[in-house]
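The values are calculated or read from the model by the stated rules, or taken from the named source; none is laboratory data. It should be emphasised that the depicted structure is a prediction, and the values quoted were computed from it without experimental measurement. Virtual Cβ from ideal backbone geometry, glycine too; neighbours counted across all protein chains shown. Side chains are part of the model used for accessible areas, which takes the heavy atoms of the whole protein and leaves out ligands, DNA and RNA. Shrake-Rupley method; radii C 1.70, N 1.55, O 1.52, S 1.80 Å.
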Amino acid sequence: MVVDKKMYLFDAGPGFVRNLKALSGKDFMPQDVMFTNDSMYGGLNKVFITHLDSDHVLGLPELLLRPWVLGRDQPQQVIGPKGTRGLVDNTLKAFQDDIDHRLYGTQPANADGYKGEVTEISETQIVHQDDKVTIKAFRVPHGSWDADMSFGYRVDPPTKTIVISGDTRKDEANYENFRGADILIHEVMHEGAISRMPEDWQKYMYHAHTSTSQLAEIAREVEPGLLVMNHPLFFGTTDEDMVEELARHYDGKFVLAQDLDLYE
Ligand SMILES: [Zn+2]
């Protein structure tokens with residue numbers, strides 16, 4: 001999310017740095033200049049993690065190390081559930097040789113930019129506030145993760161409210177955090193595809209995720225300005241199938257997210 005050229009990153013999935021690079025040069029983006037904290041890489045220095053499933057954090061090593069090489073001299077701030085500190089520490093351990101050769105070799109390098117400054121959260125709470133936005137983390141139920149291990153995020157900037165569901169099954173307890181969203185970014189799975197899975201898998205999927213018809217129910221209830229389906233679980237179905245299945249249950253405004261889509 002970018003507000004007045006300030007960037008806020010939610011999760012660090014695989015490939016996100018490449019996507020960021022693809023957006024550089026757009027007029028709403030910070031400058032793509034190296035060796036400064038004001039660059040788009042330096043500007044990323046706060047990331048909000050929903051939970052520790054690998055599809056949400058595989059980009060974390062890149063987020064810790066690449067902006068540092070490009071000049072960020074402040075530690076990366078990472079907000080996430082219990083276990084986030086271990087993930088950051090162990091990642092840096094894995095890259096110890098790389099870090100050492102940059103710190104003590106011939107390449108100019110600053111002393112702190114690769115470090116992680118971690119805040120672990122376990123409750124529904126405000127996790128960030130500045131002159132532009134207030135960001136609240138809220139617990140969401142996701143499979144067998146403990147209740148304090150999986151979060152969605154609600155961002156209340158001056159003009160628009162954006163809610164990111166994180167990975168969650170349908171739960172009415174989420175609604176109070178979804179209500180009033182101008183943009184609700186919600187995970188989704190294709191119901192037809194799930195219904196063809198073995199029974200134990202179906203049970204697991206509904207314990208962890210939200211199907212199209214369930215998402216339609218949620219959206220009818222909380223009435224977002226725009227519903228963005230993301231984290232789509234297709235299991236052999238296509239984008240068109242997903243859109244068609246949701247449209248069968250929902251006539252509000254919605255899209256299926258694609259990499260590099262922009263929503264204002
Ligand atoms: Zn996931």
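Things worth noting here:
- When the surface is traced with a 1.4 Å probe over the full set of protein chains, Glu223 keeps roughly 140 Å² accessible.
- Comparing Gly225, Gly15, Gly80 in a Gaussian network model of the chain where C-alpha atoms under 10 Å apart are linked, the largest mean-square fluctuation is found at Gly15.
- Candidate residues Glu199, Glu123, Glu245: accessible-area rank, largest first, probe 1.4 Å: Glu199, Glu123, Glu245
- Look at where the Cα atoms of segment 2-36 and of segment 63-137 average out, and the two centres are 16 Å apart.
- 3J(HN,Hα) along segment 130-140: 9, 6, 9, 9, 10, 10, 10, 8, 9, 5, 10 Hz, from the Karplus curve 6.51 cos²θ - 1.76 cosθ + 1.60 with θ = phi - 60°, whole Hz, x for Gly and Pro.
- Remark: segment 10-17, residue by residue, has Karplus-estimated 3J(HN,Hα) of 10, 6, 10, x, x, x, 5, 5 Hz, where x stands for each Gly or Pro and the curve is 6.51 cos²θ - 1.76 cosθ + 1.60 at θ = phi - 60°.
- Using the Cβ of Pro81 as centre and a radius below 13 Å, the other residues enclosed give a net charge of -4, where K and R count +1 and D and E count -1.
- Relative contact order [Cα under 8 Å, 6+ residues apart], segment 1-121, whole percent: 26 percent
- Close lysine pairs were tallied over the chain: pairs 8 or more places apart or on different chains with Cα atoms under 16 Å apart number 17.
- Helix 199-208 and the long axis of the chain differ in direction by around 60°, with both axes built from C-alpha atoms.
- Computed accessible area, Trp201, all protein chains, 1.4 angstrom probe, square angstrom: 130 Å²
- In the context of the full protein assembly, Lys26 retains an accessible surface of approximately 90 Å², using a probe radius of 1.4 Å and ignoring ligands and nucleic acids.
- Here the accessible area of the chain is 48 percent carbon and sulfur, with a 1.4 angstrom probe and all protein chains present.
- For the chain, adding -39500 (n - 2.57) for each run of n ≥ 4 DSSP H residues and dividing by the number of residues yields -8500 deg cm²/dmol at 222 nm.
- Dipole magnitude of the chain about its Cα centre (Cβ charges: Lys, Arg +1; Asp, Glu -1), debye to nearest 20: 520 debye
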